[in-house]
């Protein structure tokens, strides 16, 4: 693995005097695929907001690409895909191409002329996620899994080095979830994109991720999938704060 792209040092954060994160320390190295797991309310989404600069920590330091986050300006190097499947307006009048092209707005501006090179960039991003046959289809006509591929393409079009995904498979059926993970695996291995995936799917993570971190207010575990798989159900139950059973997936 390469140099650290994200580093957190003793990061704490509270909402209305309720502590959500307490002295979190971890890093994500270039080329890794980190699966961030943990119970609801454990602070996973808060952590992504801190990394994206949407909120500031009460204590501690955050570094992006080796730079203090307060000095970091090149946000095109980071892509973000949020939960959207249950809230997306299926009547939104836009094609796949138009939705993906929105990802270039920050780079070229709202009123800039859309050049031929930009069009090729959009088509390339669509092809990366296997949606080239739907480039001019209305996005509202697509399945939840297909829509999520489009939103990944929208994040990829600005050619980020790091892609953060916050529970992107909410509302997506099982078969498309598996295809979705395979896509992420390809983006990580074939295209060298560093991934941070917030998920509840602990079983699948052991197959696709290079690293796993478990967060519940503090960072309880950060290691490779083999180390995570060696944890006992009693360890996971202690981390999650309630009884947890380990579920394996049959991918035959």
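Each reported figure results from applying straightforward, stated rules to the coordinates on display, with no laboratory input. Everything numeric in this text was worked out from a predicted model, so none of it was measured. All Cβ positions, glycine included, derive from the backbone under ideal geometry; neighbour counts span all protein chains shown.
Structure data summary
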| quantity | calculated |
| --- | --- |
| Scaled radius of gyration (Cα, divided by 2.2 N^0.38 Å) that segment 4-240 gives | 1.03 |
| Efficiency of FRET from Cβ geometry, residue 61 and residue 19, R₀ 22 Å, rounded to 0.05 | 0.80 |
| Relative contact order (%) - segment 4-240, alpha-carbon pairs under 8 angstrom, separation at least six | 29 |
| Estimated FRET transfer efficiency when R0 is 35 angstrom, pair residue 75-residue 230 (beta carbons, to 0.05) | 0.40 |
| Exposure proxy ranking, count of Cβ atoms within 10 Å, fewest first, for 131, 67 | 67, 131 |
| Extension gain (nm, one decimal) between residue 29 and residue 191, 0.36 nm per residue minus Cα-Cα | 56.8 nm |
| Fully extended contour minus Cα-Cα distance, from residue 10 to residue 136, at 0.36 nm per residue | 40.7 nm |
| Residue 52 paired with residue 118, simple spin-label distance in nm, labels 7 Å along Cα-to-beta-carbon | 2.3 |
